[in-house]
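J.: Sending over a structure as structure tokens; questions will come in a sec.
Bear in mind these aren't lab numbers, they're just calculated from the coordinates by the rules spelled out. For clarity, every value in this text was computed on a predicted model and none was experimentally measured. Reconstructed Cβ throughout: ideal geometry from the backbone, glycine too, with neighbour counts over all protein chains shown.
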């Protein structure tokens, strides 16, 4: 199973639309996960043109209508894996502890908020942050991610 992962798009503040490179990287995925800070629903509609299965959560910068439509966290079953999807909050130093406390018995936690890519397994849980797909101010490179779940759980960060 191949899953496209994106977060912190902040559309229309950082850019008006998703970068075109995302279409190429997410083509042929089984689903797409968005870890919050879409800002408005146009981002979700753009992702649905790439893949019919898009799972998303609200982030701290999302407009009120987005926060009303999307949950703050959710669990997605992908094959034999349970994925916790959450945006995150607070300072980067305590981010992993905060998001870990949100889920019980998951294999992977996909999160955003920091705009910094993160791909590391700790105590049997893969923590995966694709970084920001559009921000080039607080980070050097915009990035997205791919999760490959074929007997093993493996994340890959893709610089745009």
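J.: Work out Dmax and Rg for the chain from the C-alpha atoms and quote the Rg first, both in angstrom.
T.: 14.0, 39
J.: Moving to a separate point now. To the nearest 0.05, how large is the calculated FRET efficiency for residue 52 and residue 154 if R₀ is 25 Å and r is the Cβ-Cβ distance? Don't jump to the answer; show the numbers that get you there.
T.: Working: r = 24 Å, r/R0 = 0.96.
After rounding to 0.05, the efficiency reads 0.55.
J.: Let me ask you something else. What residue among 63, 147, 126 has the largest mean-square fluctuation in a Gaussian network model of the chain, using Cα springs under 10 Å?
T.: Per the Cα network of the chain with a 10 Å cutoff, 63 tops the list.
J.: A further question on this structure: Once you have the Cα-Cα distance between residue 74 and residue 2, take 0.36 nm times their residue separation minus that, and quote the gain in nm to one decimal. Please list the in-between numbers first.
T.: Details: separation 72, 0.36 × 72 = 25.92 nm, distance 1.89 nm.
Working it through step by step, the gained length comes to 24.0 nm.
J.: Considering only 64, 130, 117, give the residue with the highest GNM mean-square fluctuation for the chain, with springs between Cα atoms whenever their separation is below 10 Å.
T.: Comparing 64, 130, 117 in the GNM, the peak value goes to 64.
J.: Using R₀ = 25 Å, calculate the FRET efficiency as 1/(1 + (r/R₀)^6) where r is the Cβ-Cβ separation of residue 93 and residue 123; round to 0.05. Could the numbers behind the result be given before it?
T.: On the way: r = 19 Å, r/R0 = 0.74.
So, using R0 = 25 Å, E works out to roughly 0.85.
J.: Right, next: Below 8 Å between Cα atoms, with a sequence gap of 6+, how large is the relative contact order for the chain in percent?
T.: Details: 389 pairs, mean separation 38.0, N = 160.
Rounded, it is 24 percent for the chain.
J.: For labels at residue 60 and residue 20 in the simple 7 Å Cα→Cβ model, what's the distance in nm?
T.: Placing both labels 7 Å along Cα→Cβ, they lie 3.5 nm apart.
J.: Of all beta bridges DSSP finds with both residues in the chain, what is the antiparallel percent, to the nearest 5? If you can, show how the numbers build up before the last one.
T.: Working: 22 of 36 bridges.
Among the beta bridges of the chain, antiparallel pairing accounts for roughly 60 percent.
J.: Fewest Cβ neighbours within 10 Å first, please rank 94, 114, 143 accordingly. Present the calculation step by step, with values, prior to reporting the outcome.
T.: Working: 94 11, 114 20, 143 23.
Result, fewest neighbours first: 94, 114, 143.
J.: Now for a separate question. Could you list 40, 65 so that the one with the fewest beta carbons within 10 Å of its beta carbon is first and the one with the most is last? Can you show the working numbers first?
T.: Details: 40 16, 65 10.
Arranged by neighbour count, lowest to highest, 40, 65 become 65, 40.
J.: If you don't mind, another one. Can I get the semi-axes of segment 37-115's equivalent ellipsoid? Compute them from the C-alpha gyration tensor as square roots of 5 times the eigenvalues, in angstrom, largest first.
T.: Working: eigenvalues 86, 63, 19 Å².
Equivalent-ellipsoid dimensions as semi-axes: 21, 18, 10 Å.
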